[in-house]
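What follows is a short report on a single structure.
The values are calculated or read from the model by the stated rules, or taken from the named source; none is laboratory data. It should be emphasised that the depicted structure is a prediction, and the values quoted were computed from it without experimental measurement. For neighbour counting, all protein chains shown are included, and Cβ atoms are generated from backbone atoms with ideal geometry for every residue, glycine included. Heads up: the accessible areas ignore ligands, DNA and RNA and are worked out on the full protein's heavy atoms, side chains in. Shrake-Rupley method; radii C 1.70, N 1.55, O 1.52, S 1.80 Å.
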Amino acid sequence: CNPEQGGNGVCPDGTFVSSQIKIGATGKTEHAKTMGYISGAQIKATGCNMAFAPVADIHYNWQNTEIVSRAFGTDAARVADMSRAYLEGAHTIDGFACAAKHFPGNDAFAGHGK
């Protein structure tokens, strides 16, 4: 499932917490950790024990429709810190695992990498 923005990534009535770009803009890793916890708890409640989140891409191409608000920001250090915090929050749920995801090659959408 795709729970990087909350429990709504696994079911329609799951809690939408926020987009990753908004959480990243706060600069507060505790918000990313809470988002990971809420997402993990709600996903686990549906019987799912594995999720592919958070998106660990660095957002440098605003024309990339795949990433848009699914990244924690444009700064590599902030993205790493926020991603780590999300994973820490999600991994506090017993019997649940998360794996950060990356969309390789998406820089080509705007002509990058050609």
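Take the residues in the stretch 15-38 that are among the hydroxyl-bearing types (Ser, Thr, Tyr) and either at pLDDT 95 or above or part of a helix (DSSP H, G or I) (or both); name whichever of them is farthest from the chain's Cα centre (by Cα).
If we take residues in the stretch 15-38 being among the hydroxyl-bearing types (Ser, Thr, Tyr) and either at pLDDT 95 or above or part of a helix (DSSP H, G or I) (or both), then Thr26 is farthest from the chain's Cα centre (by Cα).
Check Tyr60 against each of (1) open to solvent by 40 Å² or more (accessible area, probe 1.4 Å); (2) part of a helix (DSSP H, G or I); (3) in contact with a helix residue (DSSP H, G or I) (Cβ under 9 Å, 6 or more places away or on another chain) and name the one condition it does not meet.
The one condition Tyr60 does not meet is (2).
Could you go through the stretch 91-100 and let me know if any residue there is touching a residue at least 60 places away in the same chain (Cβ under 8 Å), assigned to a helix (DSSP H, G or I) and either in contact with a strand residue (DSSP E or B) (Cβ under 8 Å, 6 or more places away or on another chain) or on the phi < 0 side of the Ramachandran plot (or both).
no
Which condition breaks for Pro12 when tested against (1) within 11 Å of the chain's Cα centre (by Cα); (2) open to solvent by 60 Å² or more (accessible area, probe 1.4 Å)?
Looking at each condition in turn, Pro12 falls short on (1).
How about the stretch 16-44: which of its residues are charged (D, E, K, R) and closer than 15 Å to His59 by Cβ?
Within the stretch 16-44, Lys22 is the sole residue that qualifies.
Quick one: Ser39 ticks every box in (1) farther than 15 Å from Tyr86 by Cα; (2) buried (at least 21 other Cβ atoms within 10 Å of the Cβ) except a single one, so which number is it?
(1)
Does Ala77 satisfy being part of a strand (DSSP E or B), hydrophobic (A, V, I, L, M, F, W, C), at pLDDT 80 or above and open to solvent by 40 Å² or more (accessible area, probe 1.4 Å)?
no
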